[in-house]
Amino acid sequence: WLLAEHPEIQGRVVQELVETLGDADARPEDLHRLPQTTAALNESMRLFPPLWAIGREVLAPIQLRTHNLPIGVHVLIPQWVVHRDPRWFVGPLWYRPERWLNGETDGIPRFAYFPFGGGARVCIGAHFARMESILVLATLLRSYRFTAQPGYRPELLPSATLRPTNGIQLCIEARRRQTEQR
């Protein structure tokens with residue numbers, strides 16, 4: 001949906017895919033050659049992380065600024081809020097994949113961006129999910145052009161995972177691959 005809302009960014013990703021892959025499909029060994037595609041995914045997951053928040057239980061008394069947290073207290077850590085913090089991200093509400101390419105995010109703290117959680121309880125499938133997401137995105141964008149459905153905005157349900165209650169509405173048009181254009 002974000003790429004459909006930003007056709008110029010979708011165009012840059014597609015250009016990268018065509019220039020890098022030619023007519024071949026994206027494979028795991030291509031991931032390091034797809035920085036625009038990876039940045040588009042990183043930025044999408046910054047704005048719409050799979051988990052909107054994670055909870056943890058305090059195991060030893062700690063002090064967070066002026067708050068004393070005793071053992072047993074449950075703490076909610078909201079990626080949704082942290083990923084939109086202007087201390088870490090310029091224009092935090094804007095979809096700007098270039099922030100992942102121009103050095104802008106190089107110095108952010110470890111947990112300023114954590115779409116799959118972090119620490120000892122980071123999602124065990126995070127690496128596979130990122131790889132799979134980039135490959136699926138590359139495959140779809142090579143075959144289809146996505147444009148925004150006029151007037152549509154996702155209505156989000158922050159359940160166990162973050163998801164749209166009204167689906168994702170897009171206009172989809174088949175692309176012609178290079179071999180078909182010859």
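Annotations
- Rounded to 0.05, the FRET efficiency of the Ile62 and Arg110 pair, given R0 = 22 Å and the Cβ-Cβ distance, is 0.80.
- Accessible surface of segment 78-182, 1.4 Å probe, proportion on carbon and sulfur as whole %: 58
- Mean accessible surface per residue for the chain, computed with a 1.4 Å probe while every protein chain stays in place, in Å²: 60
- Point-to-point label distance, Met131-Gln15, nm (Cα→Cβ direction, 7 Å offset): 3.0
- Rel. contact order, % - alpha carbon contacts under 8 angstrom, at least six apart, segment 1-139: 28
- Among 71-84, 43-56, sorting by the average number of other beta carbon atoms lying within 10 angstrom of each residue, highest first, gives 43-56, 71-84.
- Among Ala120, Ala24, Ala129, the residue with the largest mean-square fluctuation in a Gaussian network model of the chain, with springs joining Cα atoms closer than 10 Å, is Ala120.
- Structure-derived Cα extents along the principal axes in Å: which label, when the choices are [x] 54, 36, 28; [y] 69, 37, 29; [z] 131, 18, 18: [y]
- Only helices enter this figure: runs of n ≥ 4 DSSP H residues, each worth -39500 (n - 2.57), summed and divided by the residues of the chain, yield -9000 deg cm²/dmol at 222 nm to the nearest 500.
- Distance between modelled label sites at Leu69 and Asp25, nm, 7 Å Cα→Cβ extension: 4.5
The values are calculated or read from the model by the stated rules, or taken from the named source; none is laboratory data. As the structure is a prediction and not an experimental result, all values here were calculated from the model. Virtual Cβ from ideal backbone geometry, glycine too; neighbours counted across all protein chains shown. Just so you know, the surface numbers come from the protein's heavy atoms only, side chains and all, with ligands and any DNA or RNA stripped out. Shrake-Rupley method; radii C 1.70, N 1.55, O 1.52, S 1.80 Å.
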